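To start, the structure under review is shown below, and the notes come after it.
The values are calculated or read from the model by the stated rules, or taken from the named source; none is laboratory data. Because the structure is a prediction, the values reported are computed rather than measured. Every residue, glycine among them, receives a Cβ derived from its backbone with ideal geometry; neighbour counts consider all protein chains shown.
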Amino acid sequence: MGAQIQPEDRRPVTSRGSTLRFMWKYKALYFISIPGIIYFLIFKYVPLLGSVIAFQDYNLFAGVRGSPWVGLDHFKWMFSHYDFLRILKNTFLLGIYDIVFAFTAPIILALLLNEVRLVLYKKIVQTIVYAPHFLSWVIVSGIFTGILSPSSGIVNVMLGWFGIEPIYFLGEESYIRSVLVGSGLWRDVGWGTIIYLAALAGINPELYEAAEMDGAGRWKQTLSITLPSLLPVITILFLLKIGDFLDYGFERVFVFQNPLNIRNSEILDTYIYKAGLRQMQYSYATAIGLFKSLVGLFLLVIANTLSKKSTGESLY
């Protein structure tokens with residue numbers, strides 16, 4: 001029999017001395033985490049102090065101390081702007097499409113790759129689907145502009161085989177959201193499978209052997225073993241995705257924008273760029289960015305609470 005735990009051994013480990021001893025025991029891990037902590041302090045937390053200009057009429061030459069306070073005027077102007085609700089709607093729609101398609105596609109691809117038994121073929125496919133992630137959005141936009149060209153693009157050439165007139169995909173408001181979501185899906189779907197494949201590799205193969213002995217086929221094994229084992233990873237990544245719901249990405253949209261599709265492609269990120277840098281409305285742009293952060297925090301708290309109650313998995 002194992003050693004019995006004595007009553008005096010059942011003391012809390014949350015005391016200051018215990019914490020210091022724990023940190024000293026793993027001092028190497030804490031030491032190598034210092035560069036990451038410094039990075040977040042300098043580039044993530046210190047800039048938060050600049051959010052104060054959202055409540056000022058910021059003057060570049062007067063600085064933060066010399067700029068007058070205006071309270072919530074920039075937020076009032078933001079909600080009363082004639083284009084703001086349309087821009088917010090575009091951002092929400094693209095965020096929803098991104099979750100429905102771009103978030104679920106890596107899970108499906110990882111499940112399909114997990115079923116491949118020929119190792120060489122699996123590695124070739126993984127390399128092919130990983131490669132687009134390392135392309136910049138400028139290159140991606142050039143590729144899709146060529147593919148979707150109304151005169152020489154392969155898509156319109158194939159449509160011509162069926163007698164369909166060429167479509168200017170990047171010049172039609174109704175198609176631009178599909179182009180944005182599709183290009184992002186093509187670029188990042190392979191990269192998104194890495195974490196899921198790592199989680200799949202950690203599943204005990206004896207579970208599949210026992211299920212097979214019970215007569216369960218591959219589909220039944222996927223539903224009963226694979227997906228439940230992936231659920232914690234899926235939940236955590238989903239919560240992180242929800243936190244960035246309004247951060248669709250400036251580059252991926254800006255490179256596809258033109259005057260013909262801007263009505264359905266203008267999002268908060270591109271609007272902040274135009275208002276803040278082009279028009280030098282720094283306080284107004286900061287107010288919009290602060291609004292984005294608050295909405296993301298609100299959605300994250302709600303999603304985390306619901307996840308904790310329903311699945312037991314949460315970020316905190």
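Quick check on my filter: what residues within region 154-176 are surrounded by 14 or more Cβ atoms within 10 Å (Cβ to Cβ), under 31 Å from the mean Cα position of the chain (by Cα) and in a helix (DSSP H, G or I)? Break it down into steps so the answer makes sense when it comes.
Looking only at region 154-176, we keep the residues that are surrounded by 14 or more Cβ atoms within 10 Å (Cβ to Cβ), and these are 155-156, 159, 166-172, 175-176.
Still in the list and also under 31 Å from the mean Cα position of the chain (by Cα): 155, 167-172, 175-176.
Once the filter is applied, which keeps residues that are surrounded by 14 or more Cβ atoms within 10 Å (Cβ to Cβ), under 31 Å from the mean Cα position of the chain (by Cα) and in a helix (DSSP H, G or I), region 154-176 yields V155, F169, L170, G171, Y175, I176.
Please go through region 258-292 and give me each residue that is among the small types (G, A, S), closer than 20 Å to Y58 by Cα and within 19 Å of the chain's Cα centre (by Cα), ordered by number. Spell out how you get there, then give the answer.
Initially, region 258-292 is screened for residues among the small types (G, A, S), giving 265, 275-276, 283, 285, 287, 289.
Still in the running and closer than 20 Å to Y58 by Cα: 275-276, 283, 285, 287, 289.
Passing the criteria: only G289.
When region 277-290 is filtered for residues that are assigned to a helix (DSSP H, G or I) and free of Cβ contacts under 8 Å to residues at least 12 places away in the same chain, the ones remaining, listed by number, are L277, R278.
Matching residues to (1) over 20 Å from V70 (Cα atoms); (2) surrounded by fewer than 20 Cβ atoms within 10 Å (Cβ to Cβ); (3) modelled with pLDDT of 90 or more:
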| site | (1), (2), (3) |
| --- | --- |
| D269 | yes, no, yes |
| G276 | no, yes, no |
| T286 | no, no, yes |
| E313 | yes, yes, no |
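One line per residue, one yes/no per condition, for (1) over 30 Å from I234 (Cβ atoms); (2) of a type outside the set (D, E); (3) in contact with a helix residue (DSSP H, G or I) (Cβ under 6 Å, 6 or more places away or on another chain); (4) without any contact (Cβ under 8 Å) to a residue 40 or more places away in the chain:
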residue	(1), (2), (3), (4)
P47	yes, yes, no, yes
G50	yes, yes, no, no
F61	yes, yes, no, yes
V70	yes, yes, no, no
W77	yes, yes, no, no
L85	yes, yes, no, yes
L88	no, yes, no, no
L93	no, yes, no, no
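Residues in region 177-188 that are touching a Leu at 6+ places or on another chain (Cβ under 7 Å) and surrounded by 21 or more Cβ atoms within 10 Å (Cβ to Cβ): L180, R187.
Which ones in region 117-153 are loosely packed, with under 13 Cβ neighbours inside 10 Å and within 30 Å of T226 (Cβ to Cβ)? Once the filter is applied, which keeps residues that are loosely packed, with under 13 Cβ neighbours inside 10 Å and within 30 Å of T226 (Cβ to Cβ), region 117-153 yields R117, L118, V119, L120, Y121, K123, I124, T127, I128, A131, F134. Regarding region 253-276, can at least one residue be identified that is among the small types (G, A, S) and in contact with a Gly (Cβ under 8 Å, 6 or more places away or on another chain)? Scanning region 253-276, I find no residue that is among the small types (G, A, S) and in contact with a Gly (Cβ under 8 Å, 6 or more places away or on another chain), so the answer is no.
Against the definition (farther than 22 Å from R263 by Cα, touching an Asp or Glu at 6+ places or on another chain (Cβ under 8 Å) and either among the aliphatic types (A, V, I, L, M) or in a loop (DSSP other than H, G, I, E, B) (or both)), how does A131 come out, yes or no?
Working: farther than 22 Å from R263 by Cα: yes; touching an Asp or Glu at 6+ places or on another chain (Cβ under 8 Å): no; either among the aliphatic types (A, V, I, L, M) or in a loop (DSSP other than H, G, I, E, B) (or both): yes.
So A131 fails the test.
Once region 195-230 is narrowed to residues that are surrounded by 14 or more Cβ atoms within 10 Å (Cβ to Cβ) and in contact (Cβ under 8 Å) with a residue 60 or more places away in the chain, the residue that is nearest to the chain's Cα centre (by Cα) is Y196.
Is it the case that region 109-124 has a residue that's of a type in the set (D, E), outside any helix (DSSP H, G or I) and free of Cβ contacts under 8 Å to residues at least 40 places away in the same chain? Break it down stepwise before answering.
So the first thing to find is which residues in region 109-124 are of a type in the set (D, E), and the list is 115.
Subsequent filtering for residues that are outside any helix (DSSP H, G or I) retains 115.
When the remaining residues are screened for being free of Cβ contacts under 8 Å to residues at least 40 places away in the same chain, the result is none.
No: zero hits.
Filtering T127, T104 for residues that are out of contact with any Pro (no Cβ under 9 Å at 6 or more places or on another chain), within 27 Å of D244 (Cα to Cα) and at pLDDT 90 or above leaves a single hit, T104.
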